[in-house]
Amino acid sequence: MTPLSDNIRTINDEWIRNENLPKRIYAQGFSDNIVPKESSISYDRDKQDVIYSNDDHFSIILPSDSEDIILKALIIELNKFLNQQKKELVLSLEYQLRDIRMRHILSNNVEELKELRFEIMKLKKQNPENYNIQKLTKEIQKSIENHGIVYHKLNNKHISTNNSQLKAKPIKWFWIIFLILVIILMITFLIKRF
């Protein structure tokens, strides 16, 4: 595949037009006598990261030891990628917890609460040590239990509907509006990232 062949030109055109490319790292060996330096680096819409080494066409893909410059550069880039993935996972978990907490605050029947309990239990299995998940799990379970007690007492007519225990707690509108704004900001942030 020569640098100016039609196939290469077509592939390069498609590559340049693509707006959703993964992170790319190019390596170039100064002693490579097989691939011209113009062909070892793709045309790209973004700034190109090039790793240069004294390798030839074959040694560039087979690191000689753990001190190999290409190997070290790839390890650094992989660590950056993994750290970014962890950050995104934490943001995703925080968003899910905020969403469940908001729906918990606004829920008005036991079926909704049970659905929330199911969702939080799935998160708890994935993140068993997370304090916020444990706390929210207890809050939802307590709401389900309280809802059941009130429902049971109403059915058995042990409590009249005028009883202050049955009156809904006033909704803290400030916190609801605040949480909605936080969710909107998170969604806006995530949309801009992708």
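From 70, 76, which residue is without any contact (Cβ under 8 Å) to a residue 24 or more places away in the chain, outside the structural domain of residue 187 (by TED's automatic domain parsing) and part of a helix (DSSP H, G or I)?
Checking each option against the conditions leaves just 76.
Suppose the filter is touching a residue at least 24 places away in the same chain (Cβ under 8 Å) and within 21 Å of residue 180 (Cα to Cα); does residue 97 pass it?
yes
Does residue 113 meet the test of being surrounded by 15 or more Cβ atoms within 10 Å (Cβ to Cβ) and closer than 22 Å to residue 178 by Cα?
Judged against the criteria, residue 113 is a match.
If I filter segment 4-38 down to residues being in contact (Cβ under 8 Å) with a residue 12 or more places away in the chain and of a type in the set (Gly, Ala, Ser), which single residue comes out as surrounded by the fewest Cβ atoms within 10 Å (Cβ to Cβ)?
Among those that are in contact (Cβ under 8 Å) with a residue 12 or more places away in the chain and of a type in the set (Gly, Ala, Ser), it is 31.
Considering (1) modelled with pLDDT under 75; (2) within 30 Å of residue 19 (Cα to Cα), say which one residue 151 fails and leave the rest.
It is condition (2) that residue 151 fails.
Report every pair of residues separated by at least 6 positions or lying on different chains whose Cβ atoms are under 8 Å apart, first residue within segment 113-129 and on the phi < 0 side of the Ramachandran plot, second charged (D, E, K, R).
116/103
Yes or no: segment 94-106 includes at least one residue that is among the charged types (D, E, K, R) and assigned to a loop (DSSP other than H, G, I, E, B).
Within segment 94-106, none of the residues are among the charged types (D, E, K, R) and assigned to a loop (DSSP other than H, G, I, E, B).
Test residue 79 against the criterion of being modelled with pLDDT under 85 and surrounded by fewer than 14 Cβ atoms within 10 Å (Cβ to Cβ), and give yes or no.
In short, no.
So, residue 133, is that one farther than 30 Å from residue 51 by Cα, among the hydrophobic types (A, V, I, L, M, F, W, C), in contact with a Leu (Cβ under 7 Å, 6 or more places away or on another chain) and in a helix (DSSP H, G or I) or not?
yes
Could you list, in sequence order, the residues of segment 1-58 that are among the small types (Gly, Ala, Ser) and modelled with pLDDT of 80 or more?
27, 29, 31, 53
The values are calculated or read from the model by the stated rules, or taken from the named source; none is laboratory data. Being a predicted model, the structure only gives us computed values, none of them experimental. With ideal geometry, Cβ positions are generated from the backbone for all residues, glycine too; neighbour counts draw on all protein chains shown.
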